[in-house]
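Chemist: Mind having a look at this structure? Questions to follow.
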Amino acid sequence: MGLFSSFSPAARKLKTYDAMVPGILQLQPALAELDDEGLKKYGAELRTRAAAGATETELLPEAFALVREASRRLIGLEHFPEQLLGGIALYFGNIAEMKTGEGKTLVATCPLYLNAIMSHRGHLVTVNDYLAKRDRAWMGPVYEFLGISVGLLQNDSSPEERHAAYAADITYGTNNEFGFDYLRDHMAGSEDGMVQKGALDFGIVDEVDNIFIDEARTALIIAGPGGDSDVPYYEAAAFVKRLKGTVRSEMAAGDNETPEGSDYVYDEKHKTIDPAEDLLTRFAHAARIPEDKLLKEQATYGKILRNAIRAQIFFRKDSEYIIKDTEVIIVDEFTGRLMYGRRYSEGLHQAIEAKEGLKVREESQTLATITIQNFFKMYHKLSGMTGTALTEADEFKEIYGLDVLEIPTHRPVDRQDADDEVYRSERGKLDAILREIQARHEKGQPVLVGTRSVEKSEGLSHELKKLGIKHQVLNAKYHEKEAEIIAQAGRKGSVTIATNMAGRGVDILLGGNPAALAHAAAIVRTKADPKKQPEQYAEQYAEQYAKLFAEYSGSWAKEHDEVVGLGGLFILGTERHESRRIDNQLRGRSARQGDPGESKFFLSAEDDILRIFGGDRIQRIFEMMKVEESMPVNHPLLSKTIEMSQKKVESYNFDARKSLLDYDNVLNKQREVIYAERDKVLAGVDLADEVHEFINEQAETTAQQVVQAQRADEADLGKVYNDLVLDAFGRPVEMTLEELTDLVEHRDAEQALTATIQDRAEAIYREKYNRYGENVMHQIEHYFFLHTIDSAWRDHLLQMDDLKDGIGLRAYGQQDPVIAYQKEGYDLFNVLMDQIKHDVTRALFTFELQPAQPEKKHDRS
C-alpha cells in the first residue's frame, strides 16, 4: 500500500461507507423481535416513506438491516459487516473487490432491495445462464418475502417471458441477454415488440472484470445474411498451408522486407500479418481469380488471404476454438467458456471454417451493434463486484467512471504463495508438475490445476491417467458440469484440472461444497421448468435440495477438518496467463474465509508468454546458469521478465479495447440519433412537423439545383425542373414554363422557387389526407418512417464497416485512423440523414391504396 493511498478518493469513500455499517448492525435486535408479518409491514412502510420523499441515505440503514434479518430467516445467511460494506459500495456506484468466498451473491441483495423501494428497476448481470438461474432461485425468496418482484432472463426466454422479466423490480440475466435485448428492441416493428424499453436504471455486474474487460474486446452484433457465395475461402485455406512464414522477432532490427524464401512475416505479439508483395497475385493465380476481378476487388481478396494466414498461425483448435456438432465455437480465452452465438467478424470465422474443412457460413451483414462499454454506460447508475479488479482500476475509471474499492475480508487470508518454478523445457516442466500432483495427491491434499487451453488440459489428463491418478477435467468441452465439478474440488484427495475456469461463481469449500452441489443438481438436473411450472418447480427443488444437502452435509464437517490439517486446497498453475488478473483469479480459489491454502506456478522457457515477450533474455539466463532440463530456476531477473511480459500484454489488450471503443464512440453518437427517431415513431407521436420539414428540404434542394442549371445556361429548363421534381417527390409538382422562368429570374430566385414548390407539394399532400383520412395517413407515415430508417441504417452500418476495414492504412500516410474515421463517418451520416428524408418523402407522395376487392360469389348450382 502506497504512502498516500489512505488519502485517495477510493479510500475516502470506503471510510465514509464503513461509518454506515454500525448503524445497520444496531437495528438488528429490534428487527429480530418482529414476527414475519411485522417484517413485511416494516418493508411496506419503507416503500411508503420512499414515495413520500425520504432519501436513500435516510433509508439505507433500515433497508439493509431488514434484508439482513429476512435473509437470516429465509435462507440461513446473515450478512457479515464486510458484506454490508460491499453492498453500500455497490449502491453508490462503485466496483467492490471482494476475495473469493466472501459471498458476493448475498452482498447484492441489500443494494438491489434499497434500489427497488426507491422505485427504480435493478439488473443483476452475471456471466452465464446457470449463475443467473441459480442466484435468482437462491436469493429470490428474500426479495419476494419483502414484496419485491424478481425476474429471470435466459438465452431461451420467449418474448412473453422477457416482458415479464423486465417488468419485475429486479431482473437476473447475462450481459449478452441485456445487451442483445437492447439491440433487438431497436429493431422491433412496434412498441409491443420491445421488451426492455430503455429500463436501464441500476446495474450490478457480477464478475465485472470478466464482462467489462475480457468480453469488452468484441462488440455485440446482430447480423443477417449479406455476402457472396463464391468467396474463395477454401482456396485460400489450401493455398496458405503451402506457404512459409517468418516470425518478425527473428528478423534484423529495422528490416521490413520479407526475407528471401519466406511468403509472409507475422508478429506474435501484435497478431499481425505482412504478406510478401507478390503473394496476392500468386493467390489469385492459384484460385483462378480473373485479373480484372482482382483489380476491382483487391482489398476484399487481400483480407481473405490475410485471414486465411491468421487462421493458420494464430487460431488453434482446442485452444482459441473447439469444433462441436460441425460448428466452430469460440472459447473465451479468459474464462475458458464456450461463446455460443458469437462469431469472429470480418471473415475470420469463415477462414477458420475453411481451414477445418467445415461448411463455410456466408458472410453476414451487421444489422445492429454496440460495444459492451457503450451499452453499460447507458445505465443511470452502475456498479460491479469481483475478486480481481485492482490491476485494472485505471481502465475501470477511464472507460466506465467507476472507482475500485478493496473490501476487507471477513477473516484474514491464510494462503502461502510460493515462488514460480521455471524450467528450460516444456518436458522438464511437465515432469515437475506430475511429481507435484502425485505428492500432494498421495497425502490427500486436494489439488486444483489451472491450464490455458483445452489441448493442454487434455494432454495433462492423459499423463495423469498413465500414473493412475483419478481426476476431473473441467474445460470448454465439459462446461455443462462446471458447477458440480468445482463444488467437489475441495474434497480430500481430489485432483481437478480447470481450463481458465476456476469455478467462478461457485465456492470451493474444503471437504466439498454440499450446498453448491445441491443447488447444481436441483437446478440443472430437474426436469421441471421454473418459468412454466413454478409451483411444481419450487416443490421439486425444495425436496431435491433438502435430500442432497442432508446426504453431503453429514460427512462434510469431518472431511473439512481433515483437509485443513493437510494444508487446504493447493493451486497449481501450469503457466502464466497474459493477464496477472487471471492468475490472481486462479490463486483466489484457495484459502476462502480464513481456510489455509497454497499456490505455485510452473513455467517453462517454451511457454508462449515467455517465448514471445522474453525469449532471448530467458534463454541467456538458462545458458548463464547452465541448468539441466529437470532443474528449476529462480532468478530475480526471471521474475522481473515475467512481470514485464504480462504488463506488456495487458497494455496491448487495453489498447485494443480502447481502439474498439474509440471507433464505436463515433458510431454511438449516430446510433443515439437514429434510435431516438425510431423510438419516437414507435411511440406513435404525430409526425406532421417532420413531414412538413422534409417537404421543405426537398423543395429547397430542388430549387437550388434548378437555379444552378439556369445559371449554367442549360437549354431545356422545363425538363430539368421536371426531372428534379420527380426525383425529389416521385411525382410531378405542376408548374408552367412561364411560371418557372419568372421565378428563376426573380431577385431572390431560390427562396421564391422553394416557396412555390413547397406550397404546391403541400397541396398535393393535403389532398391525400382528404382522400384517405387522418387516421390512415398517420399509420402510413409511421410505417414509411420506420421502414426507411431501418433500411437506410442497415446500409449505413455496412458502409461504416467498409470504411473501418480500410481506415487503418491511413496511418501510413501520417494520418490518425480514428480521426479519419470520425470525419468520414460524419460525412456518411449526413448523407444517411438526407437519404432518409428523401426516401420518406418519395414514399409518402407516391403510395396509393388499392380499394378493397369485393368477394367473388360462388355458384352453388
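Chemist: Find the residue count for segment 185-196, including only residues that are of a type outside the set (Gly, Ala, Ser), over 18 Å from ALA116 (Cβ atoms) and free of Cβ contacts under 8 Å to residues at least 60 places away in the same chain. Before the answer, list the steps.
Modeler: Start the filter on segment 185-196 by keeping residues that are of a type outside the set (Gly, Ala, Ser), which leaves 185-187, 191-192, 194-196.
Then drop every residue that is not over 18 Å from ALA116 (Cβ atoms), which leaves 185-187, 191-192, 194-195.
Still in the list and also free of Cβ contacts under 8 Å to residues at least 60 places away in the same chain: 185, 192, 195.
Number of matching residues: 3.
Chemist: Among LEU39, LEU74, LEU85, which is the only one that is within 30 Å of the chain's Cα centre (by Cα) and not polar (S, T, N, Q)? If you could, list the steps in order and put the result at the bottom.
Modeler: Values: LEU39 fails: within 30 Å of the chain's Cα centre (by Cα); LEU74 fails: within 30 Å of the chain's Cα centre (by Cα).
Testing whether each residue is within 30 Å of the chain's Cα centre (by Cα) and not polar (S, T, N, Q) leaves just LEU85.
Chemist: Let me ask you something else. Please go through segment 293-327 and pick out each residue that is aromatic (Phe, Trp, Tyr) and part of a helix (DSSP H, G or I). If you could, list the steps in order and put the result at the bottom.
Modeler: Taking segment 293-327 as the starting set, the residues that turn out to be aromatic (Phe, Trp, Tyr) are 301, 314-315, 321.
If the condition is that a residue be aromatic (Phe, Trp, Tyr) and part of a helix (DSSP H, G or I), then TYR301 is the only one that fits.
Chemist: Sticking with this structure for a sec: Residue by residue through segment 564-583, note down the ones that are within 14 Å of ASN210 (Cα to Cα) and in a helix (DSSP H, G or I).
Modeler: Passing the criteria: ARG580, ARG581, ILE582, ASP583.
Chemist: What single numbered condition from (1) crowded, with 16+ Cβ neighbours inside 10 Å; (2) in contact (Cβ under 8 Å) with a residue 40 or more places away in the chain; (3) not in a helix (DSSP H, G or I); (4) not hydroxyl-bearing (Ser, Thr, Tyr) fails to hold for LEU667?
Modeler: It is condition (3) that LEU667 fails.
Chemist: With (1) surrounded by 15 or more Cβ atoms within 10 Å (Cβ to Cβ); (2) modelled with pLDDT under 90 as the list, and PHE180 as the residue in question, which single condition is left unmet?
Modeler: Going through the list (1) surrounded by 15 or more Cβ atoms within 10 Å (Cβ to Cβ); (2) modelled with pLDDT under 90, PHE180 breaks only (2).
Chemist: Test of understanding: among VAL725, VAL776, which residue is part of a helix (DSSP H, G or I) and within 28 Å of LYS680 (Cα to Cα)?
Modeler: Details: VAL725 fails: within 28 Å of LYS680 (Cα to Cα).
Just one listed residue meets the conditions, VAL776.
Chemist: Consider TYR721 carefully, then state whether it is among the aromatic types (Phe, Trp, Tyr), surrounded by fewer than 16 Cβ atoms within 10 Å (Cβ to Cβ) and either within 30 Å of ALA223 (Cα to Cα) or in contact with a helix residue (DSSP H, G or I) (Cβ under 8 Å, 6 or more places away or on another chain) (or both). Quick ask: steps written out before the conclusion?
Modeler: Working: among the aromatic types (Phe, Trp, Tyr): yes; surrounded by fewer than 16 Cβ atoms within 10 Å (Cβ to Cβ): no; either within 30 Å of ALA223 (Cα to Cα) or in contact with a helix residue (DSSP H, G or I) (Cβ under 8 Å, 6 or more places away or on another chain) (or both): yes.
The answer is no for TYR721.
Chemist: If you don't mind, there's one more thing I want to ask. Hey, any hits in segment 395-408 for a residue that's within 28 Å of MET98 (Cβ to Cβ), assigned by TED's automatic domain parsing to the domain that holds PHE602 and either exposed (fewer than 15 other Cβ atoms within 10 Å of the Cβ) or among the aromatic types (Phe, Trp, Tyr) (or both)?
Modeler: The answer is no; no qualifying residue exists.
Chemist: Looking at GLU78, GLU58, GLU45, which is the one that is within 30 Å of ARG589 (Cα to Cα) and either assigned to a loop (DSSP other than H, G, I, E, B) or acidic (Asp, Glu) (or both)? Break it down into steps so the answer makes sense when it comes.
Modeler: On the way: GLU58 fails: within 30 Å of ARG589 (Cα to Cα); GLU45 fails: within 30 Å of ARG589 (Cα to Cα).
The conditions single out GLU78.
Chemist: So, of the residues in segment 621-658 that are out of contact with any helix residue (DSSP H, G or I) (no Cβ under 9 Å at 6 or more places or on another chain) and basic (Lys, Arg), which turns out to be modelled with the highest pLDDT?
Modeler: Once the filter is applied, the top-ranked residue is LYS640.
Chemist: If you don't mind, another one. Got a number for residues in segment 180-205 being touching a strand residue (DSSP E or B) at 6+ places or on another chain (Cβ under 8 Å) and assigned to a helix (DSSP H, G or I)?
Modeler: Result for segment 180-205: 4.
Chemist: Out of all the residues in segment 129-165, which are surrounded by fewer than 21 Cβ atoms within 10 Å (Cβ to Cβ) and under 20 Å from the mean Cα position of the chain (by Cα)? Can you show your working first?
Modeler: From segment 129-165, those surrounded by fewer than 21 Cβ atoms within 10 Å (Cβ to Cβ) are 129, 137-138, 141, 144-145, 147, 149, 154-161, 163-164; that's our starting set.
Hits for segment 129-165 are ASP129, GLN154, ASN155, ASP156, SER157.
Chemist: I'm checking my understanding of the structure. Among residues of segment 254-292 that are closer than 22 Å to TYR652 by Cα and acidic (Asp, Glu), which one is surrounded by the fewest Cβ atoms within 10 Å (Cβ to Cβ)? Lay out the reasoning, then the answer.
Modeler: Here is the first cut: in segment 254-292, the residues closer than 22 Å to TYR652 by Cα are 254, 256, 265-274.
Going one step further and asking which of them are acidic (Asp, Glu), we end up with 267-268, 274.
Values: ASP267: 13, GLU268: 16, ASP274: 18.
In this case the residue turns out to be ASP267.
Chemist: Can you name the residue in segment 536-581 that is among the aliphatic types (A, V, I, L, M) and at pLDDT below 85 and is also nearest to ALA489 (Cα to Cα) among such residues?
Modeler: Narrowing segment 536-581 to residues among the aliphatic types (A, V, I, L, M): 538, 542, 546, 548, 550, 557, 563-564, 566, 569, 571-572.
Now narrow it down to the ones that are at pLDDT below 85: 538, 542, 546, 548, 550, 557.
Details: ALA538: 28, ALA542: 25, ALA546: 22, LEU548: 17, ALA550: 19, ALA557: 15 Å.
Within segment 536-581, the match that is nearest to ALA489 (Cα to Cα) is ALA557.
Chemist: Mind listing whichever residues of segment 786-813 are over 22 Å from THR369 (Cβ atoms) and either of a type in the set (Gly, Ala, Ser) or modelled with pLDDT of 90 or more (or both)?
Modeler: ALA811, GLY813
Chemist: Are there any pairs with C-beta distances below 9 angstrom linking a residue in segment 676-688 that is basic (Lys, Arg) to a residue that is part of a helix (DSSP H, G or I), with the two at least 6 apart or on different chains, and if so which?
Modeler: Filtered contacts from segment 676-688: ARG678/PHE785; ARG678/LEU786; ARG678/ILE789; ARG678/ASP790; ARG678/TRP793; LYS680/GLU690; LYS680/PHE785.
Chemist: If you scan segment 615-646, which residues turn out to be within 35 Å of the chain's Cα centre (by Cα) and farther than 27 Å from ARG415 by Cβ?
Modeler: Correct list: GLY615 only.
Chemist: Of all residues in segment 781-795, which are closer than 19 Å to PHE729 by Cα and surrounded by 16 or more Cβ atoms within 10 Å (Cβ to Cβ)?
Modeler: GLU781, HIS782, PHE784, PHE785, LEU786, THR788, ILE789, ALA792, listed by residue number.
Chemist: Yes or no: segment 731-753 includes at least one residue that is in contact (Cβ under 8 Å) with a residue 12 or more places away in the chain, closer than 21 Å to ASP834 by Cβ, assigned by TED's automatic domain parsing to the domain that holds ARG678 and not in a helix (DSSP H, G or I).
Modeler: yes
The values are calculated or read from the model by the stated rules, or taken from the named source; none is laboratory data. Source: prediction; values computed, not measured. Neighbour counts are summed over all protein chains in view; Cβ atoms, including those assigned to glycine, are modelled from backbone coordinates with ideal geometry.
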